[in-house]
Amino acid sequence: MKSFDAIVVGGGMLGAAVSYGLARARLRTALVDEGDVAFRAARGNFGLVWVQSKGDGCPEYAAWTRRSADDWAEFARELKDRTGVDVGHSRKGGFDLSFTEEDLRQREGLMTRLHDQAGGAFRFEMLDHRQLSELLPGLGPGVVGGSFCPLDGHANSLYLLRALHTAFQGLGGAYFPGSAVTRLAAKNGAFEVETGYQTLAAGRVVLAAGLANRDLAPQLGMEMPVHPLRGQIMVTERVRPFLDHPTAHVRQTVEGGLLLGDSKEDVGFDDGTTAPVMKEIARRATRAFPFLKSARIVRAWGALRVMTPDGFPVYARSAAYPGAFAIACHSGVTLAAAHAGPMADCIVGGRLPDDVAVLGPERFHAA
Amino acid sequence: MLRRIAPQGGIAGVTLYFEGAAVTVPAGTTVAAALLQAGAASFRDTAVTGSPRGPYCMMGVCFDCLVEIDGQPNRQACLTVALNGMRVERQRGAALLDPKAGEGA
Ligand SMILES: Cc1cc2nc3c(=O)[nH]c(=O)nc-3n(C[C@H](O)[C@H](O)[C@H](O)COP(=O)(O)OP(=O)(O)OC[C@H]3O[C@@H](n4cnc5c(N)ncnc54)[C@H](O)[C@@H]3O)c2cc1C
Ligand code: FES
């Protein structure tokens, strides 16, 4: 049996970030990933490093998000230095566009709550159509206004995943692809992780298998109430850069393609695409930027979000089996810097960061 | 370098214009096959670094065969059948969408 200091189950956005952090802290780490047959949000997301709208009613999550977004530029630089992979991070602030006065009022309400809750650490501006038009060329007349948050940015999440895996292996981390974990057990203060091919052992185990965490976590005495929420995304042909800032539903990549998203559908474990939803995504994108009508779509896909009951991350530490952790969240790209940094560093010490102590699964049982 | 292996006999010819030069191929030939037959190796420059690209997969997945056809940019030459009188140009860098095009719509 091969043994390690730590085993991370799941090589998606969370598992790759944490295992990179553990390897950087010199833990001999194994990263075990199922593969293409699994649901893998890390390969189908929108790539926003997004602060506005995160953590309404949960100041700790809002602060955790800001911390990660603040660390992102340095995180991206470090990955580039280690791997040569440029993850295309930029942070020029982002927009959320409103099409009705009512939407705009609600948006202002949300942004004001986030601002008040953060004691001013969350900054934003509400802009009307004219002010927005100066910043977003080709804005459609149907946009009545929107919010701007200077803390927002975006990145290429596929390059991010590749950079994390490359950096992890460059630090001596052992990657086991095509290895679905079927059973977990605690034996004599250590953990055994079984895949179809082999059994690995370690003193620490971190479950980061996305939607599969729901079934894996109870084997080590933890609860992970995650469920799928589908998003569909379309990508256009590459066109010359015109959109300097990401918006919540349209962003232009450094390569020039436009990502149009993203829907929210509760359809169980079905990651397909449907014509009515794609039509709605295209309609909203062309209301925001009418000239996109002549941009051709080259790809479209569906992917399942790893959603929690209240939309905030769930970070669990097993009380019954110290050394076992389970983590899940919806904003794995945004939080990648926090997961590779403070989250991994604390797990090395056998605990979770104090700042996210309120994000345990126990909260779902509080009266 | 490239040689046609299917016999041409009996199939009517169509003529398209690649960067102004006439290229005649049997009806049903794709634009990509026509340009390759005419000796073109690169069809486009990439959007970011401007490096040259030519058809790679010939079946619609790699997007390396992009050309401008009758004024429309980013067309996949391997998925487009050549027609009489088509004007085909190399796709140079990223296509330009005009943000002003939607104004007043
Ligand atoms: C449409 C869409 C848009 C999104 N947009 C954004 C965005 O703009 N910004 C943002 O921050 N986040 C976004 N997200 C969310 C982000 O993608 C997820 O938060 C993140 O991918 C979750 O990471 P994860 O590691 O928990 O799960 P995943 O990334 O899904 O990875 C889970 C991994 O576990 C592996 N696995 C599963 N079962 C097993 C098993 N039994 N044994 C071993 N391995 C297993 C899988 O192979 C997979 O690699 C979006 C998600 C979707 C779906
Ligand atoms: S050659 Fe690959 S898409 Fe045309």
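The values are calculated or read from the model by the stated rules, or taken from the named source; none is laboratory data. Keep in mind the model is a prediction, meaning the values are calculated, not measured. Neighbour counts are summed over all protein chains in view; Cβ atoms, including those assigned to glycine, are modelled from backbone coordinates with ideal geometry. Accessible surface is based on the protein model in full, side chains and every heavy atom, while ligands, DNA and RNA are left aside. Shrake-Rupley method; radii C 1.70, N 1.55, O 1.52, S 1.80 Å.
Could you tell me the total accessible area buried at the A-B interface, probe 1.4 Å, in square angstrom to the nearest hundred?
Working: alone 15570 and 6570 Å², together 20760 Å².
For chain A against chain B, roughly 1400 Å² becomes buried.
Region A:284-307 to region B:60-105: how many Å between their Cα centroids? That distance is 19 Å. Here r is the Cβ-Cβ distance between A:Val37 and A:Thr112 and R0 is 45 Å; the resulting FRET efficiency, rounded to 0.05, is 0.50.
Taking all protein chains as they are arranged and a probe of 1.4 Å, the heavy atoms of A:His89 leave approximately 50 Å² accessible to solvent. Its residue count N sets the reference 2.2 N^0.38 Å, and the alpha-carbon radius of gyration of region A:55-114 equals 1.53 times that reference. According to the Kirkwood relation over distinct C-alpha pairs, the hydrodynamic radius of region A:20-143 is 17.8 Å.
Note on chain A: Cα-only Rg and Dmax are 20.6, 66 Å. Of A:Val267, A:Gln252, A:Ser331, which is farthest on the positive side of the dipole of region A:230-367, counting Cα position, with +1 on Lys and Arg Cβ, -1 on Asp and Glu Cβ, and the Cα centre as origin? Toward the positive end, the furthest listed residue is A:Gln252. Counting charges near A:Ala185 (Lys, Arg +1; Asp, Glu -1) among other residues having Cβ under 12 Å from its Cβ returns a value of 0.
In the context of the full protein assembly, A:Tyr159 retains an accessible surface of approximately 80 Å², using a probe radius of 1.4 Å and ignoring ligands and nucleic acids. Just to be sure I understand: of the beta bridges DSSP finds with both ends in the protein assembly as shown, what percent are antiparallel, rounded to 5? Of all bridge pairs located within the protein assembly as shown, approximately 70 percent are antiparallel. Phi angles across region A:213-227 convert, under the Karplus curve 6.51 cos²θ - 1.76 cosθ + 1.60 with θ = phi - 60°, into 3J(HN,Hα) values of 4, 3, 8, 7, 4, x, 5, 10, x, 10, 10, 9, x, 9, 9 Hz, Gly and Pro given as x. Centre-to-centre, using Cα atoms only, region B:24-44 and region A:330-360 are separated by 55 Å.
Taking a ≥ b ≥ c as the square roots of the Cα gyration tensor eigenvalues, with a/c under 1.5 meaning rounded and otherwise prolate when a/b beats b/c, else oblate, which class fits region A:142-253? Note, shape of region A:142-253 comes out prolate. One Cα centroid belongs to region A:1-67, the other to region A:172-234; the line between them spans 12 Å. Given R₀ = 30 Å, what would the calculated FRET efficiency be for B:Thr15 paired with A:Leu158, taking r from the Cβ atoms and rounding to 0.05? It comes out at approximately 0.10.
Over the Cα atoms of region B:14-90, Rg to Rh with Kirkwood Rh, two decimal places? Please report the intermediate quantities before stating the final value.
Numbers: Rg = 11.3 Å, Rh = 12.1 Å.
Reported Rg/Rh (Cα atoms, Kirkwood Rh): 0.93.
Note on exposure: B:Arg75, A:Arg305, B:Arg92 ranked by accessible area (1.4 Å probe, complete protein assembly) read B:Arg92, B:Arg75, A:Arg305, with the most exposed listed first.
Lys-Lys pairs in the protein assembly as shown that are eight or more residues apart or on separate chains and whose Cα atoms lie under 28 Å of each other come to 14. So what does A:Lys2 come to for accessible area, using a 1.4 Å probe and Å² rounded to 10? Accessible surface of A:Lys2 is approximately 110 Å². Between A:Ala190 and A:Glu60, what is the FRET efficiency for a Förster distance of 41 Å, r being their Cβ-Cβ separation, to the nearest 0.05? Once rounded, the FRET efficiency stands at 0.80.
Accessible area per residue for chain A in Å², computed with a 1.4 Å probe and the full protein assembly in place, what is it?
Working: 14910 Å² over 367 residues.
Per residue, chain A has an accessible area of 41 Å².
For region B:14-90, the per residue solvent-accessible surface stands at 46 Å², with DNA, RNA and ligands left out and a 1.4 Å probe.
Taking amide hydrogens as placed 1.01 Å from N in the peptide plane, the amide H of A:Leu31 sits under 5 Å from those of A:Val8, A:Ala174, A:Tyr175, A:Phe176, each at least 5 positions away in sequence or on another chain.
Heavy atoms only, probe 1.4 angstrom, no DNA, RNA or ligands counted: give me A:Leu132, B:Leu36 ranked by accessible area, highest first. Working shown, then result.
Details: A:Leu132 0, B:Leu36 40 Å².
So, going from the largest accessible area down, we get B:Leu36, A:Leu132.
Note: relative contact order over chain A, using C-alpha pairs below 8 Å and six or more positions apart, is 25 percent. Against the criterion of solvent-accessible heavy-atom surface with a 1.4 angstrom probe, B:Thr24, A:Thr83 sort, most first, into B:Thr24, A:Thr83.
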